[in-house]
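The values are calculated or read from the model by the stated rules, or taken from the named source; none is laboratory data. Predicted model, so just to flag it, every value in this text is computed and none were measured. Glycine gets a Cβ as well: all are built from the backbone with ideal geometry, and neighbour counts include every protein chain shown.
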Amino acid sequence: MAQDEVVARYSSLARAALDGQDVADCSAAEFERGCFGATGYGDTGTLPVAAVRASLGCGNPVAVAELRDEETVLDLGSGGGLDVLLSARRVGPQGRVYGLDASADMLELARRNAEQAGAANVEFLHGTIERVPLPDRWVDVVISNCVINLSDDKAAVLAEAFRVLRPGGRFGVSDVVVDGEPDPERRQAAEQRVGCVAGALPVAVYRELLAAAGFVGVRIALTADHGDGVRSAIVQAVKPAAGEGLEIRPMRASDADQVLAIYQAGLDTGQASFETVAPSWEGFTAARLPHLRYVAADTGTGQVVGWVAASAVSSRPVYAGVVEHSIYVHPGCQAHGIGRALLSAFIAAGEDAGVWTIQSGVFPENVASLALHQALGFRVVGTRRRIGCHHGVWRDVLMIERRSTVAGI
């Protein structure tokens, strides 16, 4: 179903709610059986009846997101405004909640409900969830309730959620997903039955798109079963934390020159590697996994100030969860926590991807690197003595590794 058809459908539901009718975007039996609407909430008693009546969600993202005082929240596809009003309570008068919807009728309904509720810390925006009309790094939390499944460009939705979140920000949504490999025709019928008109994402694909957008700490918990592999789910993820003025994001091809310049600057110190010349970008990418590559970028200038990436240690299946990593920080930006932020994000992303061992080699003289890794759970497993000659000097290498407490146990 095209976006304009989705908007038309929900606009008609909004007009029905404005007229005082009960609304549902699936069959009445499925709406009740599948725990859709306001049934998942326990704190709607003082809210406008119209907001509760127009709730079309499949969970309670407000509870999932664990909102706190003074936070700024964005609700993707805010509908009649129920989750916006509940969020406004949680963040308090010093917080702010934005509701975004593509339907002008839904916005009219939501604004009326907000006025009736006396909510002064909310704002409703007209736009699409694939192109959010807010600046970069503007909100602390992104929520959504059974809306992302309606988009025909879910990768764009998740990329936009990542963009508008501040570093350390949280993504907490209720959505409809596909679990397993059910018969396509029966699955499509189930999706239509629960109002998932654009097709739900398989759980594995949802994870992949969140990771591609830059999220870490991904958790997908299945809830209500709608039959034929279609499930409601709680989806949670985090934008990597970073220091003031920094953002940790996936590495892009457009970062090539800056990444390689930082690589060369690290090699020039004589303490980073036996290598003396950074490879070409083609060589860099060929030697590393296509995922698990991140940069730390200055949010003001966009300049890359550090990077981390992984290489496979073997093509044998038994080592599928073992990687070797490299991490480099621009020499002029060290001792600012950039390496710690990069490595923390890398570890979290690795665990999301099922990596159970991260390993590397460090020169004993590189005290700062060794301390950073040990602070984040790496241990020295041995010393390879006089393993290579570097600038005319035979050098030892400390072999370090970090075993996951989540993956591979």
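Go through ARG231, ARG219 for me and flag whichever is in contact with a strand residue (DSSP E or B) (Cβ under 8 Å, 6 or more places away or on another chain) and modelled with pLDDT of 95 or more. Even if it seems obvious, please write down each step before you answer.
Details: ARG231 fails: modelled with pLDDT of 95 or more.
Selected residue: ARG219, the only one of ARG231, ARG219 that is in contact with a strand residue (DSSP E or B) (Cβ under 8 Å, 6 or more places away or on another chain) and modelled with pLDDT of 95 or more.
Cβ-Cβ distance below 6 Å, separation of 6 or more or different chains: which pairs start in the stretch 316-329 with a residue that is small (Gly, Ala, Ser) and end on one that is in a strand (DSSP E or B) and at pLDDT 95 or above?
Filtered contacts from the stretch 316-329: SER326/ALA309.
So, in the stretch 331-370, of the ones that are under 25 Å from ILE220 (Cβ atoms) and charged (D, E, K, R), which residue ends up nearest to the chain's Cα centre (by Cα)?
ASP352
Conditions: (1) under 20 Å from THR276 (Cα atoms); (2) acidic (Asp, Glu); (3) in contact (Cβ under 8 Å) with a residue 60 or more places away in the chain. ASP352 meets all but one. Number of the miss?
(1)
Quick one: would you say ALA198 is at pLDDT below 95 and part of a loop (DSSP other than H, G, I, E, B)?
The answer is yes for ALA198.
Checking PRO135 against (1) without any contact (Cβ under 8 Å) to a residue 60 or more places away in the chain; (2) within 17 Å of the chain's Cα centre (by Cα), which test does it fail?
The one condition PRO135 does not meet is (2).
For the stretch 106-156, enumerate the residues that are in a loop (DSSP other than H, G, I, E, B) and aliphatic (A, V, I, L, M). If you could, list the steps in order and put the result at the bottom.
Keep residues of the stretch 106-156 that are in a loop (DSSP other than H, G, I, E, B), which gives 118-121, 127, 129-130, 132-138, 146-147, 151-153.
Passing the criteria: ALA119, ALA120, ILE129, VAL132, LEU134, VAL147.
Does ALA296 qualify as being touching a helix residue (DSSP H, G or I) at 6+ places or on another chain (Cβ under 6 Å) and either at pLDDT 95 or above or within 23 Å of ALA159 (Cα to Cα) (or both)?
yes
Does PHE124 meet the test of being more than 19 Å from ARG68 (Cβ to Cβ) and in contact (Cβ under 8 Å) with a residue 40 or more places away in the chain?
For PHE124, the condition - more than 19 Å from ARG68 (Cβ to Cβ) and in contact (Cβ under 8 Å) with a residue 40 or more places away in the chain - is met.
Kindly list, by first and then second residue, each pair from a residue in the stretch 151-176 that is under 23 Å from ARG9 (Cα atoms) to a residue that is of a type in the set (Lys, Arg) and assigned to a strand (DSSP E or B), limited to pairs with Cβ atoms under 8 Å and residues at least 6 apart or on different chains.
Note: pairs meeting the criteria are ALA156/ARG131; VAL176/ARG231.
Only one of these conditions is not met by VAL393: (1) closer than 21 Å to MET251 by Cα; (2) more than 29 Å from the chain's Cα centre (by Cα). Which number is it?
Unmet condition: (1).
Does the stretch 269-278 include one or more residues that are within 16 Å of the chain's Cα centre (by Cα) and under 26 Å from SER315 (Cβ atoms)? Break it down into steps so the answer makes sense when it comes.
First pass over the stretch 269-278, keeping only residues within 16 Å of the chain's Cα centre (by Cα): none.
No.
Please enumerate the residues belonging to the stretch 350-397 that are under 30 Å from VAL203 (Cβ atoms) and surrounded by fewer than 14 Cβ atoms within 10 Å (Cβ to Cβ).
GLY354
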